[in-house]
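Every number here is computed from the coordinates shown, using simple stated rules; none is lab data. Predicted model, so just to flag it, every value in this text is computed and none were measured. A quick note on method: Cβ atoms are made from the backbone with ideal geometry, for glycine too, and the neighbour counts reach across all protein chains shown.
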Amino acid sequence: MADYKVGYKKPPHHSRFKLGNRANPHGRGKRQQRTEAEIVNQVMNGPVEFREGSTSKRMPRIELLIKRYGAAALRGDISAAKALLKIRADFDRHPAIEPFVFQLSARDALVL
């Protein structure tokens, strides 16, 4: 039995931190800095809710942006048509990243 009172904020001596020991000496790790591309990608792919007619719909911001550029271009807005054509040209130059499948020869398969 302890010769002092054990209770609230008074743990037993055997379970206390030993002298010089701290539970988390270096603290919580720092958060990694996100790149501008990651931030833009997250914002543009984030869902947004909008109303179309009497229904409420959700879609990624980039899809909604392109849809609105298309609607404005059809109404005769030349700057929207120009922006839409620029986006299309950029996608033609830099297509979406898709997984690449390697075709291994029989010789390569033997090595692996």
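Structure notes:
- Net charge over other residues, Cβ less than 15 angstrom from the Cβ of residue 87 (K, R count +1; D, E count -1): +3
- Longest site-free stretch - the chain; sites: chymotrypsin sites (Phe, Trp or Tyr not before Pro), DSSP loop, at most 14 other Cβ within 10 Å: 18-99
- Principal-axis tilt of helix 36-45 within the chain, Cα atoms, nearest 10 degrees: 70 degrees
- The C-alpha atoms of the chain define a longest principal axis, and helix 78-93 lies at about 70 degrees to it.
- 0 to 90° range, to nearest 10: angle between helix 61-74 axis and the chain longest Cα axis: 20 degrees
- Pairwise Lys count, the chain - Cα closer than 18 Å, eight or more residues apart or different chains: 5
- Convex hull (Cα only) mean projected area of the chain, reported in nm² to one decimal: 20.8 nm²
- Calculated [θ] (222 nm, deg cm²/dmol) that DSSP helices of n ≥ 4 give over the chain, each run adding -39,500 (n - 2.57): -12500 deg cm²/dmol
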